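Computed from the coordinates by the stated procedures, all read-outs in this text should not be read as laboratory data. Just so we're clear, the structure is a prediction, and the values are computed from it rather than from any experiment. Here the Cβ positions follow ideal geometry from the backbone for every residue, glycine too, while neighbour counts run over all protein chains shown.
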Amino acid sequence: MAETAPVDEQQERSDVILSVDRLSKQFGEEEVLDAISFDVRVGEILTLLGPSGCGKTTTLRLIAGLEMADSGTITIGEREVTGERSLPPQERGVGVVFQEFALFPHLTAAENIAFGLEDVDPAGRTSIVEEMLDLVGLSQYAEHYPDELSGGQQQRVALARSLAPEPAVLLLDEPFSNLDVDLRVQMREEVRQILK
């Protein structure tokens, strides 16, 4: 007779939006990740801490589908996205803000935000872009190019671009490290408020 999990445990599992189970990755002879596991529930913010080279960025790249795991599983929502069921990055429902923001220099702030919305009709795309610009406090900078924006403003555009497609999971890979100390503290609080 099969056992079922208690109702509380089933409810607890249904709140998990991201599950990493025994994830391992090697580059050549160097073992970067050795069977790491963690869960993130809906509404939680999880921070990966550790010294440079310990595998934080690799973990994020594996979740996003930019690298392939050697073993272990990643589940986003109800879907396993690794192994035989591996999904490409664009189908995982994951947004990523990189350390260097990766904005397209030839596109305005609005165009950068709209970049990942090619499947949305033009009117819907415009509405989403306006909503995202408002959310990050940059409505008046819609037509500015990245080189016309401060570091903090560029970071907010990158955040808005990642949030626009409404990802299930948002990954931030040291997005504050290129900012000066005072701006770093301010942006950390602003991003936390935006995410909430």
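Expected output is a single nm value to one decimal: the length gained when fully extending between Glu148 and Gln99, i.e. 0.36 nm times separation in residues minus the C-alpha distance. What is it?
15.8 nm
So between Arg79 and Glu189, what do we pick up on full extension, going 0.36 nm a residue minus the alpha carbon distance?
Full extension from Arg79 to Glu189 adds 36.5 nm.
How large is the dipole of region 89-147 about the Cα centre if only Lys and Arg carry +1 and Asp and Glu carry -1, each at its Cβ, rounded to the nearest 20 debye?
140
For the chain, what is the calculated [θ] at 222 nm in deg cm²/dmol (nearest 500), taking -39500 (n - 2.57) for each run of four or more DSSP H residues and dividing by its residue count?
Counting only the DSSP helices, I get -10000 deg cm²/dmol.
First measure r as the distance between the Cβ atoms of Ser71 and Lys196, then evaluate 1/(1 + (r/R0)^6) with R0 = 22 Å and state the FRET efficiency to the nearest 0.05.
Rounded to the nearest 0.05, the efficiency is 0.05.
What FRET efficiency comes out for the pair Phe115/Glu29, r = Cβ-Cβ distance, R0 = 41 Å, nearest 0.05?
0.60
Give me the Å³ per residue figure for the convex hull around the C-alpha atoms of region 130-178.
It comes to 76 Å³ per residue, whole-number rounded.
Can you order the peptides 153-162, 76-85 by their average number of other Cβ atoms within 10 Å per residue, highest first?
The packing order, highest mean first, is 153-162, 76-85.
Please give the charge dipole size of region 10-145, origin at the Cα centre, charges +1 on K and R Cβ atoms and -1 on D and E Cβ atoms. Round to the nearest 20 debye.
200
Would you mind computing, in nm to one decimal, how far apart the modelled labels at Glu131 and Ser177 are, each placed 7 Å from Cα along Cα→Cβ?
Going by the 7 Å Cα→Cβ label model, 3.3 nm.
Rg over Rh of the chain, using C-alpha atoms and the Kirkwood radius, what does it come to?
Result for the chain is an Rg/Rh of 1.00.
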